[in-house]
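One structure is given below, encoded as structure tokens.
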Amino acid sequence: MGRGTELVFDHAGALGLLTWAMIMSVVRLKVPSREFFRQIYVMGVESLPIVFVTGALAGIVTSQQGGYQMTGAIPQYILGSLVAQTVVLEMGPVLTAIVLVGRVGARITAELGTMKVSEQIDAYHSLGRDPVVLLGTPRVLAGIVVMPILVGFANLIGILAGMVAARLDSGLGFESFLYGANLFWHSWDLFYSFTKALVFGVSIPLISVHMGFRTQGGAEGVGRTTTDAVMFMTLTILILDAMFPPLLLN
Amino acid sequence: MIQYRQIHKSFDHPVLSGVDLRIDTGEMFALFGPSGTGKSVLLKTTIALITPDMGDVMIDGESVYFGDDGSLARARRKVGYVFQNAALFDSFNVFENVAMGIPEDVLKRMPRMELARRVWEAIELVNLDPIEVLEKIPSELSGGMRKRVGIARAIIGRPEILLWDEPTTGLDPINTAAVERLIVRLSDNLEVTSLVVTHDIEGGLLFCDRVAMLDQGRLRFCGTPDEFRRSGDPVVQAFQDRAAAERALDMAIEHD
């Protein structure tokens with residue numbers, strides 16, 4: 001077995017064990033509520049400004065580029081559908097996830113990694129406390145709660161910004177934009193968007209916690225592991241994103 | 001009583017190669033050895049902070065690794081561990097850090113006043129002023145104060161065994177002497193078994209009942225401080241000479 005294959009199995013096994021430990025801590029109602037709410041604030045409330053900006057820019061760019069292509073026989077109100085569908089199905093969940101990888105995922109890995117190399121994780125063990133329960137589970141649960149909410153905001157802001165951009169750039173009125181957005185709208189699209197958000201909301205904190213707990217080798221090790229974690233999370237988001245259409249849109 | 005039985009541990013290379021060691025109840029025991037010989041690794045195997053590849057640790061006759069489901073938890077409850085750099089929790093203040101030393105089930109049932117009293121008492125035992133430090137977070141404390149808070153956290157749970165991982169590393173000579181006095185006083189007052197991993201052999205020889213030396217992952221020497229000083233083993237002698245030279249250099253630097 002090659003080194004790469006060994007590493008994949010090593011990560012997969014450790015992630016499986018970590019997930020199981022977290023599920024058991026939830027089942028046994030052992031999750032510390034103070035840490036959970038602190039993480040909700042850190043991941044959710046503090047991420048709102050950057051999620052608003054990202055969502056708005058995604059909506060504006062989609063609207064402008066869509067408008068650029070609507071010069072032929074296609075009715076302009078289709079732009080409303082294009083913006084709404086693109087934002088809800090793809091841009092909202094994926095860009096929010098990518099933003100959270102950098103803002104939240106890297107932070108969690110660096111924080112837990114620093115705790116690992118400074119023996120704070122060992123200290124939890126020595127005091128008979130389980131760091132997975134006290135540090136890992138609240139972060140993953142907070143991710144599950146905040147990610148759909150953040151994606152909801154990103155979707156809403158993206159569509160509104162796209163609507164304003166369509167008016168300014170292509171001269172499309174709000175009513176026509178909303179008519180187009182409604183024309184091809186399925187409530188399933190929203191379910192699809194929030195399902196993506198939920199899966200990303202589990203993946204980002206889970207991977208970052210897993211990588212944080214594996215950190216070795218002082219400050220350099222924290223830096224290396226954080227970089228690896230960001231790459232690992234980004235790739236995971238993109239791979240999971242590619243799996244969604246065949247699984248849920250066919 | 002702590003018994004290490006044939007402890008083997010390798011990382012990229014062998015670190016411990018079959019260490020057998022016994023520390024009796026109530027004993028103060030120092031473990032010496034050059035850097036990288038596995039002293040801290042051996043200490044961490046006591047309560048499975050590092051799991052040995054082979055071998056077992058017995059605490060009061062109960063196996064840590066081959067006992068029932070609760071044996072590790074019971075071992076950890078008996079042991080107070082003082083980490084090399086204190087390992088205080090960054091986001092907690094001193095009160096919360098020290099309170100974490102009380103077992104979780106006891107802490108949940110403990111009235112707030114009783115908890116405050118226990119934390120206060122532990123802080124005073126390590127010669128700190130509770131009023132001055134209780135509300136501070138670790139980054140607001142000096143190195144010596146952090147060490148003492150780490151000690152307070154280790155003793156508040158009333159352990160039967162104290163494990164000290166390089167308790168004087170990084171401290172100036174005054175703080176080193178103060179921490180060494182603290183180790184002796186706490187070990188006597190609390191009637192605990194103490195295992196001290198230290199590079200400061202002068203201090204260890206002064207305050208410990210027995211000492212041992214690890215070399216290249218094996219136990220090279222085990223005996224009383226006098227036997228250690230008089231040892232004819234060239235490796236033990238060389239280690240003592242090197243330690244004495246390093247100490248003289250440290251003192252000269254401090255003097256300048």
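Rounded to whole numbers, the Karplus 3J(HN,Hα) couplings from phi for the stretch B:229-238 are 4, 8, 4, x, 5, x, 5, 5, 4, 4 Hz, using 6.51 cos²θ - 1.76 cosθ + 1.60 with θ = phi - 60°, and x at Gly and Pro.
Only helices enter the 222 nm calculation for chain B: every DSSP H run of n ≥ 4 contributes -39,500 (n - 2.57), and dividing by all residues gives -12500 deg cm²/dmol, rounded to 500. What shape does the stretch B:2-255 have by the C-alpha gyration tensor, where a ≥ b ≥ c are the square roots of the eigenvalues, rounded means a/c under 1.5, and otherwise prolate means a/b greater than b/c and oblate the rest? Oblate is the answer for the stretch B:2-255, as a/c is 1.5 or above yet b/c matches or exceeds a/b. Cross-link partners for residue B:39 among the lysines, with Cα-Cα distance under 26 Å and sequence neighbours closer than 8 places in the same chain left out: A:116, B:9, B:78, B:147.
Which whole number gives the average, over all residues in B:80-93, of C-beta atoms from other chains lying within 10 Å of the residue C-beta? All intermediate terms of the calculation are to be shown ahead of the outcome.
Working: counts 2, 6, 1, 6, 2, 3, 4, 9, 4, 7, 5, 5, 1, 0.
So the per-residue partner count for this stretch is 4.
For the stretch A:1-128, just say rounded, prolate or oblate: build the C-alpha gyration tensor, square-root its eigenvalues into a ≥ b ≥ c, call rounded for a/c under 1.5, and beyond that prolate if a/b exceeds b/c, oblate if not. Prolate, since a/c reaches 1.5 and a/b exceeds b/c.
Given chain B, what percent of its DSSP beta bridges are antiparallel, to the nearest 5? Of the beta bridges lying entirely in chain B, close to 55 percent run antiparallel. Look at the alpha carbon pairs under 8 Å that are at least 6 residues apart: their mean separation over the length of the stretch A:1-138 gives a relative contact order of 41 percent. Counted by neighbouring Cβ atoms within 10 Å, the residues B:120, B:164, A:20 run from fewest to most as A:20, B:120, B:164.
Neighbouring Cβ atoms from other chains, within 10 Å of the Cβ of residues in B:47-56, number 1 on average. For the stretch A:73-89, 3J(HN,Hα) computed residue by residue from phi via the Karplus equation (6.51, -1.76, 1.60; θ = phi - 60°) reads 7, 6, x, 5, 5, 4, 4, x, 5, 4, 5, 4, 5, 5, 5, 6, 6 Hz, glycine and proline entered as x. If a/c stays under 1.5 just call it rounded; otherwise compare a/b with b/c (prolate if a/b is bigger, oblate if not). Do that for the stretch B:158-256, with a ≥ b ≥ c from the square roots of the Cα gyration tensor eigenvalues. Oblate, since a/c reaches 1.5 and b/c is not below a/b.
Using only the C-alpha atoms of chain A, find the volume of their convex hull and express it per residue in Å³. Before the final figure, lay out each step's value.
Numbers: hull volume 38.6 nm³, N = 250.
Once divided by residue count, the hull of chain A is 154 Å³.
Rg/Rh for the stretch B:78-123 to two decimals, with Rh computed the Kirkwood way over all alpha-carbon pairs. Over the Cα atoms of the stretch B:78-123, Rg/Rh equals 0.96.
Projecting the Cα positions of A:160, A:126, A:12 onto the charge dipole of chain A (unit charges on Cβ atoms of Lys, Arg, Asp and Glu, taken about the Cα centre) puts A:126 furthest along the positive direction. Pick from B:60, B:165, B:69: which is most flexible by mean-square fluctuation in a GNM of chain B where alpha carbon atoms under 10 Å apart are linked? Largest GNM mean-square fluctuation: B:69. Taking the DSSP bridge list for the protein assembly as shown and keeping only pairs wholly inside it, about 55 percent are antiparallel. Kindly list the residues of the stretch A:8-30 that lie in the label zone of residue A:228, defined by a backbone N under 19 Å from the point 7 Å along the Cα-to-C-beta vector. From the stretch A:8-30, the list is A:8-19. Only helical runs count toward this figure. For chain A, summing -39,500 (n - 2.57) over DSSP H runs of n ≥ 4 and dividing by all residues gives -25500 deg cm²/dmol at 222 nm. Using C-alpha pairs under 8 Å with a sequence gap of at least 6, the mean separation divided by the residue count of chain A gives a relative contact order of 33 percent. Please list, in chain and number order, the residues 5+ apart from residue B:50 or on another chain whose amide H is under 5 Å from its amide H, with Hs placed from the backbone. The list, which skips near neighbours in sequence, is B:45. Per residue, the convex hull around the alpha carbon atoms of the stretch B:72-212 comes to 110 Å³.
Summary of packing: across the peptides A:92-100, B:225-233, B:108-116, the per-residue average of other C-beta atoms within 10 Å ranks them, highest first, as A:92-100, B:225-233, B:108-116. Summarising the amide proton neighbourhood of residue B:193: residues at separation of 5 or more, or on other chains, whose placed amide H is nearer than 5 Å comprise B:26, B:161, B:162.
Bear in mind these aren't lab numbers, they're just calculated from the coordinates by the rules spelled out. Only a predicted model underlies this, so the values are computations on that prediction, with no experimental measurement involved. Please note: Cβ atoms are built from the backbone with ideal geometry, for glycine as well, and neighbour counts cover all protein chains shown.
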